[in-house]
Amino acid sequence: MRTLFAALPVSLLLAGPAAAFEISSPSVSDGKWDNKYIADTAGCTGQNVSVALEWKDPPAGTQSYLLTMYDPDALGNGVGWWHWIVWNIPASATGLPEGAGAKEKNGLPKGAVQGRGDIGQREYLGPCPSPGTGPHRYVFTIYALKTAKLETERGSTNTMKLADAMGVALGSASVTYHYSR
């Protein structure tokens with residue numbers, strides 16, 4: 001029995017650390033966004049196509065995901081701006097294809113729900129910071145949830161949806177890309 005316990009720490013060391021939950025986008029790199037991913041409102045002339053996203057190594061027990069895109073630098077008052085929120089993404093998903101955030105929701109997995117961003121529409125809203133405000137941070141965060149369906153109250157704000165998700169979150173991963181004009 002003593003040999004078994006002595007070997008246990010060595011076997012744990014050999015197993016190595018668990019892989020870290022990660023999210024990334026093959027569509028953009030920091031500071032470099034193709035015009036098709038930029039908003040088509042407020043003086044911006046992009047095509048408002050949502051970027052492709054990929055994630056890997058979610059926590060064990062993940063049953064669904066919630067995804068957000070948030071600009072903490074918007075408005076310059078510390079409140080920020082919600083660009084995109086999608087929940088009830090099935091655990092089998094390892095990402096979203098380019099264009100998944102369209103109003104028609106054709107690219108979202110079955111069962112996924114697209115919420116309203118701060119512009120009031122149920123779709124992706126690309127970057128469009130005010131000219132001269134410097135680089136803004138666009139933070140994509142994926143939350144791994146221990147429930148297959150996130151229950152939120154009808155009409156709840158994105159902050160309330162995020163609070164609901166935090167109550168059932170197993171972990172999260174974020175990536176930040178900058179953009180300015």
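A short reminder: the numbers here are calculations on the coordinates, not readings from a lab. Here the structure is a predicted model, which is why all the values come from computation and not from measurement. Don't worry about glycine lacking a Cβ; one is built from the backbone with ideal geometry, like all the others, and counts go over all protein chains shown.
Figures for the structure shown
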{"item": "Two-site FRET efficiency, S130 against K56, from Cβ-Cβ distance with R₀ of 25 Å, rounded to 0.05", "result": "0.10"}
{"item": "Helix-derived mean residue ellipticity, 222 nm - over the chain, DSSP H n ≥ 4, -39500 (n - 2.57), to 500", "result": "-4000 deg cm²/dmol"}
{"item": "Pairwise FRET efficiency - E151 versus T41, Cβ, R0 = 30 Å, nearest 0.05", "result": "0.40"}
{"item": "Added length on full extension, which subtracts the Cα-Cα distance from 0.36 nm per residue, A91 to D34", "result": "17.6 nm"}
{"item": "Cα convex hull volume per residue for the chain (Å³)", "result": "144 Å³"}
{"item": "Table column - 3J(HN,Hα) (Hz), the stretch 174-181, Karplus curve with 6.51, -1.76, 1.60, x for Gly and Pro", "result": "9, 9, 10, 10, 9, 8, 9, 9"}
{"item": "Simple spin-label estimate for L75 and R116 in nanometres, 7 Å along Cα-Cβ", "result": "1.5 nm"}
{"item": "Charge context of L75, other residues only, Cβ under 15 angstrom, K/R +1, D/E -1", "result": "-2"}
{"item": "Under 17 Å from K149, Cα to Cα: lysines that are on another chain or at least 8 residues apart", "result": "K110, K161"}
{"item": "Filter on K32/K56; K36/K103; K103/K146; K56/K103 - keep pairs with C-alpha separation over 20 Å", "result": "K32/K56; K103/K146; K56/K103"}
{"item": "Rounded to 10°, Cα long-axis angle of helix 2-15 versus longest principal axis of the chain", "result": "20 degrees"}
